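The structure appears below as structure tokens.
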Amino acid sequence: MGENKERTTGVLQGTLDMLVLKALARGPLHGYDVVEHILAWSGDVLKVEEGALYPALHRLELRGLLGSEWGVSTNNRRAKFYRLTPAGRKQLAAEASEWARLSSAVARVMEA
Amino acid sequence: MREILTNLRLRWRALSKRQELERDLEDELAFHLAMGEEKKGEGSRRAFGNVELIKDDLRDQWTFRTVENLWRDLRYAARMLRNSPAFTLVAILSLAIGIGANTAIFSVVDAIVLKSLPVRDPEQLRVVLWTGGLPFGGHSGYHTRNRAGIQVGSSFPYPLYQQLVSSVPQFSDLMGFASNQVTVLAGAASHYAEAQLVSGNFFSGLGVNALAGRTISPHDDRQGAQAVAVVSYRYWERHLGLEPEAVGHTIFVNGHPVTIVGVAQQAFLGIKPGGAPDLYLPIALTEQLGSRWYRMHDSDDAWVQMMGRLRPGTSDQQALASLDAIMRPAAAAGSRERERTEGPWRPVFEDGVGGLPLLRDQATGPILILGSVVSLVLLIACANLANLLLARGASRRREIAVRLSIGAGRGRLIRQLLTESLLLAGVGAALGLAFVPPLLKVVANLVGSGETIVIAARLDWRTLMFTAAAAMVTALLFGLAPALRATRVDLTPALKDGGGGAGGSGRRLHTSRFLVVGQVALSTLLLAGAGLFVRTLMNLSSIDPGFEAQRLLLFNVDGSRSGYHGEKLTGLYERIREKVAAIPGVQSVTLSDFALISGSMSNTDVAVPGYLSKDGRRPMTYEMRVGSRFLATMGIPVLAGRDFTERDGMSAPRVGIVNETFARDYFAHGNPVGQSVYFGDPKTPRPEDRVQIIAVCKDAKYDHLQDKIPPTIYLSYLQTREFNGGMTFDVRTALPPMAIASAVERTVAAIERNVPVAEMRTQEEQIRMALGGERMFAGLVGSFGLIAALLAAIGLYGVMAYSVARRTNEIGIRMAMGAGRGHVQWMVLRESLWMVAAGLTLGIPAALALTRLVREALYGIQPNDPLSFVAAGVLMAVVAGVAGWIPARRAARVDPMRALRCE
């Protein structure tokens, strides 16, 4: 599936879900904007592959962490918008704190 | 949990709106691409990767891929099976027989061995039994061997039971009970019924509730309490029409009014598997109901059986110690003579979780044999199917190769092939369930050895689970190896090749041949076993009973439970005898304690003046109380003297007729006629103990056809003191016996409406019933043996037919080179014969080793009976020979030109 990994850093499988949830924390977005947001917020480092993004979105939706509805995008196209459900918000909080714990631990190890 | 529900709801919605899902997936990805192109121009599509693959991935998330695949596989499998109906038919039928038979045996085993009683915490129950020398005079109950192989008895005197109830602290409840036959008059009709006399704590102790009304309480189990009864669901159904108003009705039990207060739970069939009592009565009613055997206040008569519920946290040892502490003094008070030879009298426990162990013990033998037989049949069916599937796998090599080459995974293909096997096994199992009810009836009769037994064996979920498991295991057993083999294909030659070509099949044929040899061996084993049982049945059927069993009608009457006793009772029986004798078509009528060849017997000590046995004991004789004209009616030839007449009554001297064996054993040197023998206690002789012999008759079989005829004395029932109990009437007819059955019933009803006629049957039926076990064994094992042989033949045919098809080319060359048709035919047939010979070589020694285990079930032959083995071998060889000959003939008809052009 994923053929080109040259330009940007791939996203770890486990963290992708968290990043998607985080991207949606401010409000509903369609898939393309999720990619854009993550890319922008990471300072153009994290480029989410579409081949990984959509399966992740649908997986989260099927787990009840995301809701979705069809709407019209800014350029007047039919687009599917995702939003966090309460369960998704809870999940994001849990994953964020876990991530903070983990990354600071890794950072400490690397600084030692 | 909530997550799963959300998931299912979403997926369900997607599945139900399949087109919408497709459109949404399409639109969503299209939107993404469009956005990309808009912002970054061409080239972004390439970066996106394979759209179709992503869509596949998403679709898989939303749909039930596995289920859908399974469904597709099933439909494909069904199509494949429809395309080869002959194969499918053989497969399904043989599986149906195999799985059905195994299910039937399982449900019987489950009902009498595995299943717990449908009561509260059955694992706390203990059946209280005893071992050692019984210190009491009388014992009514059963003796059996427990698991440790110790001889145990079941019953205790009622006073001892009462003492134990309150003095074993380890038991929360100690239930007492006894079985008794009663006559019930409900409405206008009376009938015999099986009653269970139970202590007041019986239902509460077991934790069995009433379906309607209430159960028997301790309050009912007191002298002077109102007489009540609880009926079983089965009785309620059969005799009371499931009427809810039946509760509160009064029925007459042995002539005494008893109020029905409740109906027991439907699942509760009593505590003896197979027993199924009709009604439960408080044990306090025992004497009031005029029981023939049980005496409530006699400390020397053991008849109450016991089951205790162990309190949680107490041990068997503690409870046994408490029991022993009470039983020891009781034993000391009784006679202690037997203790010296048989050891001290002490309590033992048997698990009560499945009820009384009685039926379990007697059923083990037949069930083991039948279980082995049906497993063998299923195994043969599996081997057969594996074989057929191997052959099919070979002929489908091209199909499989094509599918593999266009990218199907091997695992996927194996799953597909296994789905076919599962479908076959599933359909076979479903069809097999149809065989279960009739087989159950047969097997139930078999384990009950003639006696009617009711087992809770029916198609419940446990049975269905077993069937499903059997089907699954079976499918794997016959399907896995062929599936693995079939998908291990070397693609190039398989694709190039036209049909079922030659490459790579050598090993397959090897496996097939091996399977056929195994099938022949197992079938030979079954056929040899069948031969033994058929011969046993033939031996038993050809036994001369010593009397004329044809045109003899039997029926039972018991007036003692309708208020008749002593001379009033004999008067009733004599009236019935006379009136029945007057029915047109009746030649002569007599009566006896019980029917001949019914398994019932009575024996006693007898003193024969001038005869001394080697050990100084008094000799033993079988006895039977009979009516006038007994010998003439039964057709037992008189050797010397005269038959009984109605004048041999109370006022006449006591007389008896002895059989030849009696005369030969005890009067070796003289004519017994005119001599006297003595019954009763020799220390206190009474005048009525003296019996004068008035005749010697030829030997006739007594209780069992297969037993040696014992010394027997027939006594006039009219001369029995305080005569009591039921009798069997024997009617010699000029017509077919059953033709007068209704006339007999009318006649008896006209004499006494309250005394029912029971068990109307012919003497021949009685004998057939007595041979029921052997008959069914012969029938079942015989049929299974033939089925197995047939399956083996089909397997052999399949392998040889395939082999011939595969070698058409070679055969064509051989014939073109001048080989004769006879030569070719022989070449092919020889291959079959080799397999048969190998099968027989394995099967016969196996059979010789295994049939030894059924020695006890045989009569008149040895387990290595040559005739049975030769017959099995010949039959197997002939059936297999025919199966091998058909492909051989086909081979010989090969047209060399066409065979060669084929390539």
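Candidates are the residues of the range B:535-561 that are in a helix (DSSP H, G or I) and out of contact with any Phe, Trp or Tyr (no Cβ under 9 Å at 6 or more places or on another chain); the one that is nearest to B:Gln181 (Cα to Cα) is B:Ser541.
For the range B:167-183, residues that are closer than 14 Å to B:Arg311 by Cα and of a type in the set (S, T, N, Q) total 3.
Considered as a group, the residues in the range B:555-577 that are hydroxyl-bearing (Ser, Thr, Tyr) and more than 38 Å from the chain's Cα centre (by Cα) include one that is modelled with the highest pLDDT, and that residue is B:Thr570. For the range B:712-722, residues that are crowded, with 18+ Cβ neighbours inside 10 Å and assigned to a loop (DSSP other than H, G, I, E, B) total 1. The single condition among (1) within 12 Å of another protein chain (Cβ to nearest Cβ); (2) touching a helix residue (DSSP H, G or I) at 6+ places or on another chain (Cβ under 9 Å); (3) under 16 Å from B:Met35 (Cα atoms) that A:His37 does not meet is (1). Checked against (1) touching a residue at least 24 places away in the same chain (Cβ under 8 Å); (2) in contact with a Phe, Trp or Tyr (Cβ under 9 Å, 6 or more places away or on another chain), B:His239 passes all but a single condition, namely (2). Considering only residues in the range B:810-852 that are farther than 29 Å from B:His510 by Cβ and without any contact (Cβ under 8 Å) to a residue 60 or more places away in the chain, the one that is surrounded by the most Cβ atoms within 10 Å (Cβ to Cβ) turns out to be B:Arg852.
Restricted to the range A:61-112, and to residues there that are out of contact with any Leu (no Cβ under 9 Å at 6 or more places or on another chain), assigned to a strand (DSSP E or B) and among the hydrophobic types (A, V, I, L, M, F, W, C), the residue that is surrounded by the fewest Cβ atoms within 10 Å (Cβ to Cβ) is A:Val72.
The values are calculated or read from the model by the stated rules, or taken from the named source; none is laboratory data. Owing to the predicted nature of the structure, the values given are computational and were not obtained by experimental measurement. Glycine also receives a Cβ, built like all others from the backbone with ideal geometry; neighbour counts cover every protein chain displayed.
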